[in-house]
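> Encoded as structure tokens, here's the structure I'll be asking about.
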Amino acid sequence: MLSKLKAWPSLQEKKPMIIAGPCSAETEEQVLLTAHGLKNKNINIFRAGIWKPRTRPGSFEGVGSIGLPWLKRVKQETGLPIAIEVANIKHVYEALRAGIDILWIGARTTVNPFAIQEIADALQGVDIPILIKNPVNPDVSLWLGAIERIEKSGVSRIGAIHRGVSQFEKSVYRNNPEWQMALDLKKYLPDILLINDPSHISGNRELISKISQQALDMKFDGLMIETHINPDNAWSDAAQQITPEQLDIILNRLIVKTEQPEGIELKNIEELRKSIGYIDEQLIDLLGYRMKIVEDIALFKERNNMTILQENRWNELVKNHIENGAKKGLTTDFITKVFNAVHQESIERQNNLINK
Ligand code: PEP
Ligand code: MN
């Protein structure tokens, strides 16, 4: 079940699986020029969107079925297997009829169990490889649920694509790379093929190289990178697409690492890990000690009818911690996350003690 090495032969070469091609198929010429640019560039699969799930109406929504024969030509002329996105039963039937090799399910579809079930039903008895993107929100159960539904329809080759998640706040990323979500998925499905999509994470071609290397360092098995013969004039996702030549440069720079390289003396890293282990023990001791004191504070607050939440004091504390953290090279984001977790736990403890 989901045995990635057996199911995906290209992985046996210990090289990342590379899926490349335009965000959208726009014209026959654009598709073929891009595909020929990618031929002999060490890619394994050609991608193109035929039906595009656009967030707002009025943007280019894909050429639709007329693009399917263009992709057939790509396969004939380059030998590359073809992957497209499907979001409903009609897409599945048309893709199968057109001889498409691999289907992927987009992030806006993975959020919807009805849509996934419809696709799963359409796939009954058809063992075509399916790649499933994470949902737009950081919910690993939804992602897992989609994989389970597709698996139940009898599909034996399933891969997961991590394309980041939507966020309310502005950031350098178009979709925040919630690495932990992908690692959590791997906890449930250790053998699943895990592909990273740096294009939709970054939304910006400058970041693609960095995110690709990060993904390989996180033991992703492959990358899906949007590639276009004329990226600046692409009809969708222009800012994040790169040319076949730029892709080639990025791929050649990537370093594929191993967890335990053969013939390397591991003694030094073991010493360092031991130090980290001691520090973690101390952190736990201190956190335990801190929480005991919090309980005394709770009793004081109870005796004197003080609220548990003392916002001003807490804000002052965090401000100081951020300043001190910066002196030690710790980011505001990190300090805020750590101390928010500490604060939440301490509020809960006080609540339990006072309002039990
Ligand atoms: C795409 O791959 O072109 C796409 C629409 O991606 P996502 O579903 O990740 O937004
Ligand atoms: Mn796209």
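> From the phi angles alone, apply the Karplus equation (6.51, -1.76, 1.60; θ = phi - 60°) to segment 99-109 and give each ³J(HN,Hα) in whole Hz, x where the residue is Gly or Pro.
Rounded to whole hertz, the list is x, 5, 8, 9, 10, 10, 10, x, 4, 6, 8.
> Got a number for carbon plus sulfur as a percent of segment 267-355's accessible area, 1.4 Å probe? Could the numbers behind the result be given before it?
Numbers: 3970 of 7120 Å².
Here it works out to 56 percent.
> From Cα coordinates alone, what are the radius of gyration and Dmax values for the chain in angstrom?
Considering the chain through its Cα atoms, Rg and Dmax are 24.4, 81 Å.
> Show the residues, 5+ positions off or on another chain, whose built amide H is closer than 5 Å to the amide H of Ile18.
HN-HN under 5 Å from Ile18: Asn44, Ile45, Leu223.
> Under the definition of Cα pairs under 8 Å and six or more residues apart, what whole-number percent is the relative contact order of the chain?
Working: 552 pairs, mean separation 49.5, N = 356.
RCO, the chain: 14 percent.
> Okay, moving on. Quick one: what Rg and Dmax do you get for segment 56-115 from the alpha carbons, in Å?
Considering segment 56-115 through its Cα atoms, Rg and Dmax are 12.7, 37 Å.
> Now a separate question. Output ³J(HN,Hα) for segment 144-154: one whole-Hz value per residue in order, computed from phi by the Karplus curve 6.51 cos²θ - 1.76 cosθ + 1.60 with θ = phi - 60°, and x for Gly and Pro.
Taking θ as phi minus 60°, the curve returns 4, x, 5, 4, 5, 4, 5, 4, 5, 7, x Hz for segment 144-154.
> Could I ask something else about it? With every protein chain kept in place and ligands, DNA and RNA left out, what is the accessible area per residue of segment 32-166? Probe 1.4 Å, answer in Å². Spell out each step's value before the answer.
Numbers: 5400 Å² over 135 residues.
Value for segment 32-166: 40 Å² per residue.
> For a protection proxy built on the mean count of beta-carbon atoms within 10 angstrom, sort 78-86, 165-173 highest first, please. Mind dumping the intermediate values first?
Values: 78-86: 20.7, 165-173: 11.3.
Top of the packing list down: 78-86, 165-173.
> Counting only pairs 8 or more places apart or on different chains, how many lysine pairs in segment 267-355 have C-alpha atoms closer than 22 Å?
Working: Lys274/Lys328; Lys292/Lys301; Lys292/Lys337; Lys319/Lys327; Lys319/Lys328; Lys319/Lys337; Lys327/Lys337; Lys328/Lys337.
Close lysine pairs found across segment 267-355: 8.
> Here is a follow-up. Can you give the helix-only mean residue ellipticity at 222 nm for the chain, where every DSSP H stretch with n ≥ 4 adds -39500 (n - 2.57) and the sum goes over all residues, rounded to the nearest 500 deg cm²/dmol?
Working: 14 runs with 174 residues, N = 356.
That comes out to -15500 deg cm²/dmol.
> Now for a separate question. At a Cα cut-off below 20 Å, give the aspartates and glutamates reachable from Lys356, other chains included and same-chain residues fewer than 8 away excluded.
Partners found: Glu295, Asp296, Glu302, Glu345, Glu348.
> Where does each of 40-52, 319-331 land if you order them by average Cβ count within 10 Å, highest first?
Numbers: 40-52: 21.3, 319-331: 11.8.
The peptides rank, most packed first, as 40-52, 319-331.
> For segment 9-253, what % of the accessible area comes from carbon and sulfur atoms, probe 1.4 Å?
Working: 5300 of 10370 Å².
Here carbon and sulfur together make up 51 percent of the probe-accessible area.
> How big, on average over all directions, is the shadow cast by the Cα convex hull of segment 267-355, in nm²? Walk me through the numbers before you get to the answer.
Working: hull surface 27.4 nm².
Averaged projected hull area, Cα only: 6.9 nm².
> Give the peptides 224-235, 148-159, 278-289 in descending order of average Cβ contacts within 10 Å, highest first.
Going by the mean number of other Cβ atoms within 10 Å, highest first, we get 224-235, 148-159, 278-289.
> Under a point spin-label approximation (7 Å from Cα along Cα-to-Cβ), what is the Asn204-Asn112 distance to one decimal in nm?
Label-label distance for Asn204 and Asn112, simple model: 3.1 nm.
The values are calculated or read from the model by the stated rules, or taken from the named source; none is laboratory data. Source: prediction; values computed, not measured. With ideal geometry, Cβ positions are generated from the backbone for all residues, glycine too; neighbour counts draw on all protein chains shown. Calculation scope for accessible area: heavy atoms of the full protein, side chains included, ligands and nucleic acids excluded. Shrake-Rupley method; radii C 1.70, N 1.55, O 1.52, S 1.80 Å.
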